2 protein chains.
Amino acid sequence: MSIKQLAARADVSMATVSRVFNFPDKVSADTRQHVLRIAQELGYLPNASARSLRTQCSKVLGIVLPTLLNPVFAECLDGIAQAARAAGYAILPITTDYELEREEQAVLQLIAADVDGMVLVVSQPATSRALDRLRAASLPYVLAYNRHADHPCVSVDNETAVIEMVARLVALGHRRIAFISGELAASDRALQRQRGFCEGMQAHGLDTYVCLEVPFIETAIQDIGALLDTPGRPTALVCSNDLIAIRSIRAAHLAGLTVPRDISIAGFDGIALGRDLTPALSTITQPNQAIGRDSVQWLVAALASGQPLAPHASRLLPHAFRTGESCTTAPDSPSSSRRARVASLTSTLDPS
Amino acid sequence: MSIKQLAARADVSMATVSRVFNFPDKVSADTRQHVLRIAQELGYLPNASARSLRTQCSKVLGIVLPTLLNPVFAECLDGIAQAARAAGYAILPITTDYELEREEQAVLQLIAADVDGMVLVVSQPATSRALDRLRAASLPYVLAYNRHADHPCVSVDNETAVIEMVARLVALGHRRIAFISGELAASDRALQRQRGFCEGMQAHGLDTYVCLEVPFIETAIQDIGALLDTPGRPTALVCSNDLIAIRSIRAAHLAGLTVPRDISIAGFDGIALGRDLTPALSTITQPNQAIGRDSVQWLVAALASGQPLAPHASRLLPHAFRTGESCTTAPDSPSSSRRARVASLTSTLDPS
DNA sequence: CTGTTAGCGCATTCAT
DNA sequence: ATGAATGCGCTAACAG
């Protein structure tokens, strides 16, 4: 079903049909109804490829994400999809599994696919070859979760968030606090969060702290278990993301520890599932859907206005602290009375 | 950068350039190298819209899913993305939030987007208007998770799986078993699973069972809690999916019950996260990524061969039982000794 | 308000 | 092995 056939059936010109769909106002009400009726009958739908070719804009956004298996990015993609739909754009998502080579391939494929712009989550904006390609093609893009002065970014203040989380744990009496992260080289977020942890600890004069990197999910729980099996084990863990926090809770359980009675565990990301866990996950929440939504809206606005996306206009969205049940006062802390523990179970003494 | 410009720079015809990319063998090695070198320099990438328009095939697959916020579909989409990439296809995913109207809109949008075929998860294949549209457009498609004699489907045997799960729980001494599901009308899977539950219970002469529908996630935990607060409360719950199982564990916790000591809870779906939970989720696993992968491979094979997708060739992928820690012997069962309970903690007495 | 025409970038005849 | 010409379906000038 092409515009030509429809035009023939409706006994009007192709241009009129085109106007009916693109500028309804520029057509008399009569002919508009007429054309629409026949279009309905014939099941006519304007062909996107032809339109893209002609207008040089595809109404498609390329999306580059590390993975969909981490709910953080699934939630973000959900936000992206919503915003894109609202703005009349389709999305073409590609996952990279944190592999730099695939980031670059993804960008090349999306350029070839004729996308109007991209939203991407890369590992390291500073050194990304994918971004070089993007600039070479002078395609508009927004980075989500990443943060870098030379690129337009939508993210949260990872460093400050973790500094604040450390302060909360310290206020709960914790002194031996460890930081658990995935592969640090895999993302700038992980590095920012670790930096925040170190700064936060030093700010409280706690300079002998542990940072544990658990690169492989297969062995993560064992590695964390080993840390918890030491005599001077930490009384609290700050985890670089919620999935690691969940595994840490499991590691603690396998080590015979109860969360939060024996050890407090905090996450980062605010995945929705964390609310439903037992114990409910205490975590730093980012507005994942909003990060996706805002990235798209900013990109679309730039596309519409023709204005370039200015890196200095990058947005930091607010983080927050979700009071769950996985953090409470330190076991050896003076305030760690029975009353305090019971209260923690009702979520009132969580870091707040 | 168009083929014309590249041809001019390389001092060959457009046709030759086209051959270099589509039929490298039909060009002499010399000119091929020459053209490729210049293409590299100029950063030439064949334009997808133009190619689609010309060849009438876009190398894009439309994907229609209920939501990405349930890890089941995120995992499935991951499998879809992998298989599509391997076959040289891009994907255009749209989520519908279980709304029939949006299923239909999605299909129309994807038809207009010129996709070569679709993989979709619909609510009710039997009555789906979206599928009508698809047949009207005579576009190849495969249904994932759905199961219906008139459509090509890739799914698991939901009914049998739940029957078997009931048998396992009965073998563990459970008699008062309840079934918890989301909105039954929202999907054929939910109905199949419930049917399996009823059959499974009757097969053991347990005809007084409870089926609880918790349509709204906001109140789900409270609704389940109410069920658990009754005197003759169930000793085991079979949940229609893993997210509900996780919420049930929480509901049990809030009701002062410990899982699995006081109550056993089983899920359905096998989301990866379930392994890392505490207690690890006992659940019926489906091969979510494989469901996505197989759907794509079948669709792509049909596209390549021109053969239609025969509904009777629908595939049932094998389900399995993941032995977690959320199920054990019934509290009032004779075999529910201390030893049995301890063993259950080490995952050896889970339904198996 | 409506019709005619040209061309977006490419793959594919048909020549050579 | 290579080149010239055509049209996929559509929109945007321009003409009327």
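General observations
- Relative frequency of Cα-Cα separations exceeding 21 Å in region B:1-128, percent: 54 percent
- Solvent exposure, largest accessible area first (probe 1.4 Å, DNA, RNA and ligands not counted), of A:ASP262, A:ASP269, B:ASP332, B:ASP229: B:ASP229, B:ASP332, A:ASP262, A:ASP269
- Helix axis angle, B:242-254 relative to chain B longest principal axis, alpha carbon, degrees: 30 degrees
- The mean number of partner chain beta-carbon atoms within 10 angstrom of a residue's beta-carbon across peptide A:269-282 is 4.
- Only DSSP H runs of four or more residues enter the estimate; each adds -39500 (n - 2.57), and after division by the residues of chain A the mean residue ellipticity at 222 nm equals -14000 deg cm²/dmol.
- Table column - 3J(HN,Hα) (Hz), region B:97-102, Karplus curve with 6.51, -1.76, 1.60, x for Gly and Pro: 6, 6, 9, 4, 4, 6
- Relative contact order of region A:204-289, defined on C-alpha pairs under 8 angstrom at six or more residues apart (%): 24 percent
- Close amide H contacts of B:ALA90 (hydrogens built in the peptide plane, cut-off under 5 Å, sequence separation of 5 or more or a different chain): B:VAL60, B:LEU61.
- Selection of trypsin sites (Lys or Arg not before Pro), region A:272-331, meeting DSSP coil and at most 11 other Cβ within 10 Å: none
- Aspartates and glutamates whose Cα lies under 19 Å from that of B:LYS4, excluding same-chain neighbours fewer than 8 positions away: A:ASP114, B:GLU41
- Accessible area (Å², 1.4 Å probe, nearest 10) - A:PHE73: 10 Å²
- 10 Å Cβ shell holding at most 16 others, DSSP loop, GluC sites (Glu not before Pro): longest site-free stretch of chain B: B:184-352
- The alpha carbon convex hull volume per residue for region A:93-229 rounds to 118 Å³.
- Residue-level accessible surface for A:TYR145, protein heavy atoms, 1.4 Å, Å²: 10 Å²
- Neighbourhood net charge (12 Å Cβ-Cβ; Lys/Arg +1, Asp/Glu -1) for A:PRO234: 0
- On region B:72-154, 48 percent of the accessible area sits on carbon and sulfur atoms, based on a 1.4 Å probe.
- Hull-based mean projected area of region B:158-285, where the convex hull spans the alpha carbons, in square nanometres: 7.0 nm²
- Of all lysines in the structure, the ones whose alpha carbon falls short of 21 Å from that of B:LYS59, not counting any fewer than 8 places away in one chain, are A:LYS59.
- Solvent-accessible area, 1.4 Å probe, carbon plus sulfur percent, for region A:158-285: 52 percent
- In region A:54-129, the inverse of the mean reciprocal separation of distinct Cα atoms equals 12.8 Å; this is its Kirkwood hydrodynamic radius.
- Alpha carbon centroid spacing (whole Å) that separates region A:112-146 from region B:195-254: 47 Å
- A:HIS204 accessible area, 1.4 Å probe, all protein chains in place, Å² to nearest 10: 80 Å²
- DSSP-defined beta bridges in chain A - what % are antiparallel, rounded to 5: 10 percent
- Phi-based couplings in Hz for region A:167-177 (Karplus 6.51, -1.76, 1.60; Gly and Pro marked x): 4, 5, 5, 4, 4, 8, x, 6, 10, 8, 10
- Solvent-accessible area buried by pairing B with A, both sides, nearest 100 square angstrom, 1.4 angstrom probe: 3800 Å²
- Dipole check for region A:97-247: with +1 at the C-beta of Lys and Arg, -1 at the C-beta of Asp and Glu, and the Cα centre as origin, the magnitude is about 520 Debye.
- Largest to smallest in accessible area, the residues A:THR235, A:THR55 fall in the order A:THR55, A:THR235 (1.4 Å probe, all protein chains included).
- Computed from the Kirkwood radius of its Cα pairs, the Stokes-Einstein diffusion coefficient for region B:3-46 at 10 °C and 1.306 mPa s stands at 160 µm²/s.
- Other protein chain Cβ atoms within 10 Å, averaged over every residue that makes up B:35-42: 0
- Accessible surface, per residue, of region A:3-46 when the full set of protein chains is kept, probe 1.4 Å, Å²: 66 Å²
- For region A:220-338, alpha-carbon Rg relative to the globular expectation (2.2 N^0.38 Å, N residues): 1.40
- Amide hydrogen proximity for B:CYS211: with H placed 1.01 Å from N in the peptide plane, the residues at 5 or more positions away or on another chain lying under 5 Å are B:PHE179.
- Probe 1.4 Å, all protein chains present, accessible-area order of B:TYR98, B:TYR141, largest first: B:TYR98, B:TYR141
- Cα pair count fraction exceeding 26 Å, expressed as % - chain A: 56 percent
- Surrounding net charge for A:LYS26, when Lys and Arg each add one and Asp and Glu each subtract one, Cβ distance under 10 Å: +1
- Neighbouring partner chain Cβ atoms per residue of B:49-56, average, 10 Å criterion: 6
- For A:PRO311, inter-copy separations between label points set 7 Å beyond Cα along the Cβ vector come to 5.8 nm, shortest first.
- Hull volume per residue, based on the alpha-carbon atoms of the protein assembly as shown and their convex hull, is 181 Å³.
- Carbon/sulfur fraction of accessible area - region A:3-46, other protein chains in place, 1.4 Å, %: 50 percent
The values are calculated or read from the model by the stated rules, or taken from the named source; none is laboratory data. Just so it is clear, the structure is predicted and the values come from calculations on it, not from any experiment. Positions of Cβ are backbone-derived with ideal geometry, glycine not excepted, and every protein chain shown enters the neighbour counts. With ligands, DNA and RNA removed, areas are computed over all heavy atoms of the protein, side chains included. Shrake-Rupley method; radii C 1.70, N 1.55, O 1.52, S 1.80 Å.
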